[in-house]
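The values are calculated or read from the model by the stated rules, or taken from the named source; none is laboratory data. Fair warning: this is a prediction, and the values are worked out from it, not measured in the lab. We place every Cβ from the backbone using ideal geometry, glycine too, and count neighbours over all the protein chains shown. All accessible areas refer to the heavy atoms of the entire protein, side chains included, with ligands and DNA or RNA removed. Shrake-Rupley method; radii C 1.70, N 1.55, O 1.52, S 1.80 Å.
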Amino acid sequence: MLQNFIYDIPTKVLFGPNQLSRLAPELSVYGKKVLLVYGGSSIKKIGLYDRVMAELTQGGFDVCELSGVEPNPRISSVRAGAAICKEHGVDIVLAVGGGSVIDAAKWIAASACVEHDPWDFFVKMNQTPVEKALPIATILTLAATGSEMDAIGVISNLDSKDKYGRGAAPYLYPRVSFLDPTLTYTVGAYQTACGSADILSHVLETYFNVHEDESFYMLDCFMEGLMKSVIKYAPIALAQPDNYEARANLMWASSWAINGFIRKPQPWSCHPMEHELSAQYDITHGLGLAILTPRWMEYCLDDRTLPKYVQFGKNVFGICGDMSDMEIARQAIEATKKFLYQSLGLTDTLTKLNITDEHFGHMAAKVAHGRDGTAECLNGMKPLYQEDVEAIYRMCL
Ligand code: NZQ
Ligand code: ZN
């Protein structure tokens with residue numbers, strides 16, 4: 001049973017298609033000098049760049065820009081953005097894009113307030129407390145990570161082949177996020193599928209919490225509702241990219257899957273394993289999760305964890321009939337695979353991405369022992385030691 005916790009999400013959300021006219025008044029609270037952070041060409045193609053610039057110009061803002069933030073955002077973008085903030089005395093960082101842009105913006109906002117190298121935030125955590133950050137605002141264009149409503153940012157370092165996340169509440173919570181589902185109409189099938197797999201994984205990582213003293217009926221029901229929403233609406237968004245209902249359900253689900261409401265103390269498993277995959281091979285986060293998740297479920301299924309699989313199979317996929325609990329659990333895993341690989345059309349093995357077992361040993365060691373090398377195992381639904389993590393990677397081949 002959940003006992004002591006603090007729920008405190010300071011992010012103001014403006015949801016819906018007609019909210020951008022509120023951009024200037026919402027940002028004005030924090031100052032007039034803005035760093036606009038965005039990725040490649042998508043925001044220009046969809047006319048969003050012009051719209052945002054028009055709002056900011058009319059609102060009397062002075063705008064600096066950092067463009068070219070890549071998927072799996074690089075520490076080099078964070079360094080560049082922090083330098084601009086310092087040089088121009090930026091008051092607020094505005095991220096316009098998906099999770100990568102928002103994550104980069106968060107660590108730019110923190111790095112602008114310190115003198116040390118931004119990468120130290122990820123590898124020298126004890127020496128780099130986050131005590132301040134510039135205010136952050138977001139205009140979300142892709143439903144996936146939930147970064148628009150959490151205090152986490154995940155950054156990659158291509159030189160060291162590391163990808164690390166770090167949360168820093170309350171400083172890295174966006175102060176305000178604009179969630180307009182129509183801005184996601186242009187997200188292609190592949191990114192829509194990957195984003196949906198990511199949302200589903202955020203819920204599954206928490207749902208498959210088998211520690212009895214941490215179970216909470218109301219949250220389980222809420223999570224089942226979130227998962228059913230993704231399973232229902234992702235295929236609709238794929239078939240009809242401009243279906244507002246589908247895009248709106250996915251967008252709000254993405255925020256609520258990770259904004260702290262459903263969080264339980266148990267550490268996650270697939271995410272650390274996936275981050276190591278993207279660190280090594282620069283693959284899309286949601287795709288890595290889609291390949292890993294069913295294998296992790298298969299690996300962790302045993303008599304102790306079985307009841308959760310049965311609950312999942314019955315309540316999320318509606319599996320019923322005269323069969324044993326173990327059979328229901330196995331059907332639940334098959335239904336998860338069917339959703340990810342057939343309904344979403346995602347690739348089902350690492351082999352198809354030309355990934356071999358070459359680096360699995362090293363990657364598994366990093367996952368199991370943590371970034372400072374001191375952990376014994378990844379202590380999620382089931383404790384995963386280095387050999388367990390490696391075995392799961394092998395199941396993905
Ligand atoms: O760069 P542009 O041109 O903007 O194109 C992007 C990018 O190529 C495109 N895109 C975004 N919005 C679009 C669009 N294309 C057409 N129309 C639109 N409206 O989509 C591509 C992928 O964008 P990206 O931001 O990388 O995707 P996502 O939102 O899935 O973010 C992934 C990153 O977030 C991290 C992941 O590890 C990964 O680095 N995560 C962040 C988390 C957090 N902050 O809490 C949690 C997650 O578990 C995750 O780890
Ligand atoms: Zn994720």
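Between the helical axis of 270-281 and the dominant principal axis of the chain, each derived from Cα atoms, what acute angle in degrees is found, rounded to the nearest 10?
Tilt of helix 270-281: around 60 degrees.
For the range 234-243, what does the Karplus curve 6.51 cos²θ - 1.76 cosθ + 1.60, with θ = phi - 60°, yield as ³J(HN,Hα) per residue in whole Hz, taken in order and with x for Gly and Pro?
4, x, 5, 5, 5, 7, 10, x, 9, 7
Mind ranking 347, 184 by accessible surface for me, highest first, 1.4 Å probe?
347, 184
Using a 1.4 Å probe on the protein heavy atoms only, what accessible surface does residue 132 show? Give it in Å² to the nearest 10.
130 Å²
Please calculate how many Å² of accessible area the chain carries per residue, with a 1.4 Å probe and no DNA, RNA or ligand atoms counted.
Ligands and nucleic acids excluded, the result is 41 Å² per residue.
On a full-extension model of 0.36 nm per residue, what is the gain between residue 394 and residue 343, subtracting their alpha-carbon distance, rounded to one decimal in nm?
Full-extension gain reported as 15.9 nm.
Given the C-alpha centroids of the range 151-181 and the range 21-84, what is the distance between them in whole angstrom?
16 Å
Add +1 for every Lys or Arg and -1 for every Asp or Glu among the other residues with Cβ under 13 Å from the Cβ of residue 174, and state the total.
Combined, the nearby Lys, Arg, Asp and Glu give -1.
At most 12 other C-beta atoms within 10 Å and a DSSP loop state: those are the exposed GluC sites (Glu not before Pro) I care about. Give me the longest piece of the chain that has none.
132-375
When the Cα centres of the range 300-361 and the range 199-241 are compared, how far apart do they sit, in Å?
Measuring centre to centre over Cα atoms gives 14 Å.
Of 369, 275, 362, which has the most accessible area and how do the rest follow, probe 1.4 Å?
The most accessible residue leads, giving 362, 369, 275.
Ordering 221, 300 by how much accessible area each has at a 1.4 Å probe, largest first, what is the list?
221, 300
Quick one: which residues, 5 or more positions from residue 94 or on another chain, have an amide H under 5 Å from its amide H? H modelled 1.01 Å from N in the peptide plane, none for Pro or chain starts.
35, 36, 37, 137
Given H placed 1.01 Å from N in the peptide plane, which residues other than close sequence neighbours of residue 13 have an amide H under 5 Å from its amide H?
177
7 Å from Cα along Cα→Cβ at both residue 19 and residue 127: what's the point-to-point distance in nm?
4.1 nm
Could you state how much accessible area residue 231 has, in square angstrom rounded to the nearest 10, with a 1.4 Å probe and all protein chains kept in place?
40 Å²
Treating the angle as unsigned and between 0 and 90°, give the value, to the nearest 10°, between the Cα long axis of helix 48-58 and the longest Cα principal axis of the chain.
So the helix axis and the longest Cα principal axis differ by about 40 degrees.
Using a 1.4 angstrom probe on heavy atoms only, work out the carbon and sulfur share of the accessible area of the chain in %.
In the chain, the share of accessible area belonging to carbon and sulfur is 51 percent.
Taking the Cα centre of the chain as the origin and placing charges on Cβ (Lys, Arg +1; Asp, Glu -1), which of 92, 167, 284 is farthest toward the positive end of the dipole?
92
How far apart, in nanometres, would the label points at residue 324 and residue 116 be if each is projected 7 angstrom from Cα along the Cα-to-Cβ direction?
5.4 nm
Calculate for the chain the 222 nm mean residue ellipticity that helices alone would give, adding -39,500 (n - 2.57) per DSSP H run of length 4 or more and normalising by residue count, nearest 500 deg cm²/dmol.
-14000 deg cm²/dmol
Pull up all non-local amide H partners of residue 319: gap of 5 or more, or a different chain, and H-to-H distance under 5 Å with H placed in the peptide plane.
314
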